[in-house]
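Worksheet for the structure shown next.
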Amino acid sequence: MFKKVLIANRGEIALRVIRACRELGVQTVAIHSTVDAESLHVKFADEAVCVGPPPSKDSYLNVRAIMSAAELTGCDAIHPGYGFLSENPGFAEVVEKLGYRWIGPRSEMLRLMGNKVEARAVAERAGLPLLPGARGVLTSAEEAEEIARQIGFPVILKAAAGGGGRGMKIVRLGGDVRRTFEQASNEALAAFGDGSMYLERYVEEPRHIEMQIAADEHGNIIHLGERECSVQRRHQKIVEESPSPAVTPELRREMGEVAVGAMRSIAYNNVGTIEFLMDEQGRYYFMEMNTRIQVEHPVTEQVYGLDLVRLQLKLAAGEKMPRTQESVVPRFHAIECRVNAEDPVTFAPSPGTITGHHQPGGYGVRVDTMAYEHYRVQPYYDSLVAKLICWGDSREVALQRARRALNEYVVEGIKTNIPFLRRVLASPQFTAGKYDTRIVEQILAERPAEAAASRKTSGL
Ligand code: MV4
């Protein structure tokens, strides 16, 4: 096992990693920007190094400063968390080349999956089901149009350098594929410095379902079932659950086998997530692969009784997979609510000082957060302040518990999306488990006045 790990992140995930390290007897080094000097991740780590001013590009994305901190403190490994540099192949390569262990997949995996055209080709060779579409990068507007005609409308144009919903355009029957291609390609070039595009059939009303994978460096690979992540707004997940109400044990076994087989064929290592789109018929298609620990990993942990960050550390240290596929069985149902510092009606960020704080607790409740009374939510970073994870023997119990826990939550001084989370969990769609990626729009369209009313009564 490692002696000392540098955590190249902040907030709840930095705490999450520090706690896993502490349990393993691993020393920790936090990095922080000037405004994060009083943060819990700084207090909880054995050592802390200030790596720059508040803007991320000068601190949490500052590779030179981070590597200096690692050298200065004598670390032997780096955990990147999620976001920031976690899927940056250049950073992972620097870490590897300078002789540190990267707590995640090899940099070559990050490079492979970071390019969405490359990832699609890899997925196809690895036997993952794909939507009909272009085989590689589109070379012209004419080619885009020809392929669209072949596969039929609607189609979606996606940027090779995009991902997570960035750089996508839908073209419906009668739409102008050529013009949309030119526009999308120019936008991708401006946004990512790479105008490469691909195209595939567009799935209406899909579910977002992702499989959790874990692989050691000795050829052992397991899956930890799926997470249902269809409750999203502008590609930001809001509520996640495991198992998915749309996945039967048989489908889980099949998707799991397909995913594990694919990871074996590319010699994947450490933890990862394969994202699928699922259509109304229950057919599933590869969408993207994430080569990091994810925000929503706790639902999988609570369902399978396995600490994924502890596992990441062990796998990166070269240890053998501690569990067999047969020994990992879904024992519970878990739901995660992301608590964001934002206006529950407009979703505008709401930074500021938390003046009052009470987090829920009790049976079957977990809160992963960096927040406390007097904590100042910074405007420079992501608005996530807490993850509320509730579980139970069944979906019904987990849902009752999540509603109960949300009602216990008090965050004063800033606005949070807690009132909106209550609406999601009270909606007939979520209650029935019958929802897709349109659920947030549907809820916002249904009773827009109620949000304003709840804002008044809650004092927000
Ligand atoms: C799609 C799609 C429909 N058909 N691809 C959005 C995030 C990015 N990973 C890909 N995304 C989508 N790709 C095809 N062929 C619909 C989406 C999509 C979506 C996917 C998952 C969750 C929420 C979404 C919201 C809008 C669009």
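Data for the structure
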| item | result |
| --- | --- |
| Qualifying residue in region 71-90 (condition: in contact (Cβ under 8 Å) with a residue 24 or more places away in the chain, in a helix (DSSP H, G or I), touching a Ser or Thr at 6+ places or on another chain (Cβ under 8 Å) and surrounded by 15 or more Cβ atoms within 10 Å (Cβ to Cβ)) | yes |
| Failed item in (1) assigned to a strand (DSSP E or B); (2) more than 30 Å from GLU319 (Cβ to Cβ), with ALA30 passing the rest | (2) |
| Leading residue by the ranking (farthest from the ligand (Cβ to nearest atom)) among those in region 270-292 that are farther than 19 Å from GLY165 by Cα and in contact with a Leu (Cβ under 8 Å, 6 or more places away or on another chain) | ASN270 |
| Any hit, region 376-398, residues being at positive phi and either buried (at least 21 other Cβ atoms within 10 Å of the Cβ) or not in a strand (DSSP E or B) (or both) | no |
| Residues being farther than 22 Å from VAL295 by Cβ and open to solvent by less than 60 Å² (accessible area, probe 1.4 Å) - total across region 321-352 | 5 |
| Every residue from region 211-235 that is assigned to a strand (DSSP E or B), within 12 Å of the ligand (Cβ to nearest atom) and either among the aromatic types (Phe, Trp, Tyr) or open to solvent by 10 Å² or more (accessible area, probe 1.4 Å) (or both) | GLN232, ARG233 |
| Residue list for region 193-204, restricted to those being touching a residue at least 60 places away in the same chain (Cβ under 8 Å) and more than 8 Å from the ligand (Cβ to nearest atom) | SER196, MET197, TYR198, LEU199 |
| Residue ID - nearest to GLU200 (Cα to Cα), chosen from residues in region 152-168 that are away from the ligand (no atom under 11 Å from the Cβ) and surrounded by 12 or more Cβ atoms within 10 Å (Cβ to Cβ) | PHE153 |
| Output for region 91-112, where each listed residue is in a helix (DSSP H, G or I), in contact (Cβ under 8 Å) with a residue 24 or more places away in the chain and in contact with a Leu (Cβ under 8 Å, 6 or more places away or on another chain) | PHE91 |
| Unmet requirement for ARG207, which otherwise passes all of (1) within 11 Å of the ligand (Cβ to nearest atom); (2) without any contact (Cβ under 8 Å) to a residue 60 or more places away in the chain | (2) |
| Residues of region 360-372 classified as over 23 Å from the mean Cα position of the chain (by Cα) and either crowded, with 17+ Cβ neighbours inside 10 Å or within 15 Å of GLY11 (Cα to Cα) (or both), total | 2 |
| Tally of residues being touching a Gly at 6+ places or on another chain (Cβ under 9 Å), in a strand (DSSP E or B) and not hydroxyl-bearing (Ser, Thr, Tyr) across region 237-255 | 1 |
| Unmet requirement for ALA144, which otherwise passes all of (1) of a type in the set (Gly, Ala, Ser); (2) in contact with a Ser or Thr (Cβ under 6 Å, 6 or more places away or on another chain); (3) free of Cβ contacts under 8 Å to residues at least 60 places away in the same chain | (2) |
| Given (1) more than 15 Å from VAL231 (Cβ to Cβ); (2) open to solvent by 60 Å² or more (accessible area, probe 1.4 Å), number of the condition LYS434 does not satisfy | (1) |
| Residue list for region 313-337, restricted to those being in contact (Cβ under 8 Å) with a residue 40 or more places away in the chain, in contact with a helix residue (DSSP H, G or I) (Cβ under 8 Å, 6 or more places away or on another chain) and more than 30 Å from ILE418 (Cβ to Cβ) | LEU313, MET321, GLN325, VAL328 |
| Evaluation of ARG179 against (1) surrounded by fewer than 21 Cβ atoms within 10 Å (Cβ to Cβ); (2) among the basic types (Lys, Arg); (3) within 11 Å of the ligand (Cβ to nearest atom) (one fails), failing number | (3) |
| Single residue of ILE7, ILE31, ILE18 found to be in contact (Cβ under 8 Å) with a residue 40 or more places away in the chain, buried (at least 18 other Cβ atoms within 10 Å of the Cβ) and not polar (S, T, N, Q) | ILE7 |
| Count of residues meeting criterion [farther than 26 Å from VAL299 by Cα and hydroxyl-bearing (Ser, Thr, Tyr)] in region 344-374 | 4 |
| Qualifying residue in region 236-256 (condition: near the ligand (Cβ under 10 Å from one of its atoms) and either more than 22 Å from GLY83 (Cβ to Cβ) or open to solvent by 30 Å² or more (accessible area, probe 1.4 Å) (or both)) | yes |
| Residue under evaluation TYR268, criteria (1) part of a loop (DSSP other than H, G, I, E, B); (2) in contact with a strand residue (DSSP E or B) (Cβ under 6 Å, 6 or more places away or on another chain); (3) more than 19 Å from TYR82 (Cα to Cα), criterion not met | (3) |
| Scan of region 116-141 for residues that are open to solvent by less than 50 Å² (accessible area, probe 1.4 Å), without any contact (Cβ under 8 Å) to a residue 60 or more places away in the chain and in contact with a helix residue (DSSP H, G or I) (Cβ under 9 Å, 6 or more places away or on another chain), ordered by number | SER140, ALA141 |
| Candidate set: region 280-320, residues that are touching a strand residue (DSSP E or B) at 6+ places or on another chain (Cβ under 8 Å) and among the small types (Gly, Ala, Ser); chosen: the one surrounded by the most Cβ atoms within 10 Å (Cβ to Cβ) | ALA316 |
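The values are calculated or read from the model by the stated rules, or taken from the named source; none is laboratory data. Predicted model only: the values in this text are computed from it and were never measured. Virtual Cβ from ideal backbone geometry, glycine too; neighbours counted across all protein chains shown. The area values use the complete protein model at the heavy-atom level, side chains included, leaving out ligands, DNA and RNA. Shrake-Rupley method; radii C 1.70, N 1.55, O 1.52, S 1.80 Å.
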